[in-house]
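The block underneath contains the structure these notes are about, expressed in structure tokens.
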Amino acid sequence: MLRHRFDILLGVLTLLLLSAPLVGLFGPGLHPILARGTVTLVFAAMLISAVFAVSQRRITVIVALSLAVPAILLGGLNLFVDWHWSVIAAEVLDVCFLGYIVIVILRYLFAAERISLDTICASLCVYLVLGVLWSSVYCIVEALEPGSFAFSFAEDLPEDGQRGLMRLSGERAVFPLYYSFVTMTTLGYGDIAPISSAARMLSAIEAIMGQLYLAVLVARLVGLHISQGAAGRSSAEQA
């Protein structure tokens, strides 16, 4: 089962990215609790699958669970209440947990001695987890400093309506996820723009991090492929 831990995490991350726009499409016709609950449930499944992905060592499981369980509980609480600091606390826990998951998986990737399906899935998981992590960061920035982001497609909405769009809940979850991945891939469509200094600098940092990760990852995988090929040729010659 542990052999498929990164496959499962990759599948749930993909489901999260797919569920956000689907809830955005059908959310207005659903009960608000059901719309928010769908994304919250998939997000909780992603946290649990991430714990499973790093479950090779006892200490990593303990640390991951100590961060994931409070995040899941606060996420469930926020379905029924809209307390400002409770929402921020949940996002902070999400950032801490996802950051820890990224570190653990990166350690696995750089300790790997050969390319396998596991290493490829793990590298994809890191990239997607980074995107989700940064979406939570932007939600925290918007919560602490409302108006940090401008939405060109929501000009007809009141100011309060625009501020409420940067939240990882219900039909609004698509906006922080979309902005994060557009920033990390440096597409820069411009329909969501950072306004505050914090939002601008964090967006720049994410764009740099995304490009550096891809460059380092490609170099690492190419190095593994070369060393793996050399080892195979050496074994064949000895035989």
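Computed from the coordinates by the stated procedures, all read-outs in this text should not be read as laboratory data. These numbers were taken from a predicted model, which means no experiment stands behind them. Every residue, glycine among them, receives a Cβ derived from its backbone with ideal geometry; neighbour counts consider all protein chains shown.
Determine the sum of side-chain charges near residue 173: Lys and Arg each +1, Asp and Glu each -1, restricted to other residues whose C-beta is under 10 angstrom from that of residue 173.
Charge balance in the 10 Å sphere: +2.
I want to check the label-to-label distance for residue 226 and residue 14. Put each point 7 Å from Cα in the C-beta direction and report it in nm to one decimal.
Output for this residue pair reads 3.2 nm.
So, R0 is 45 Å and r is the distance between the beta-carbons of residue 4 and residue 92; what FRET efficiency does that work out to, to 0.05?
The calculated FRET efficiency here is 0.90.
What do you get when you divide the Cα radius of gyration of the stretch 2-238 by 2.2 N^0.38 Å, with N the number of residues?
In units of the 2.2 N^0.38 Å rule of thumb, it is 1.10.
Using the Karplus curve 6.51 cos²θ - 1.76 cosθ + 1.60 with θ = phi - 60°, work out ³J(HN,Hα) for each residue of the stretch 66-80 in order, rounded to whole Hz, and write x for Gly and Pro.
Result, rounded to whole Hz: 5, 9, 6, 4, x, 5, 5, 5, 5, x, x, 4, 5, 5, 10.
Excluding residue 220 itself, what net charge comes from residues whose Cβ is under 15 Å from its Cβ, given Lys and Arg +1 and Asp and Glu -1?
Details: positive: 107, 114; negative: 113, 118.
My count for the surroundings of residue 220 gives 0.
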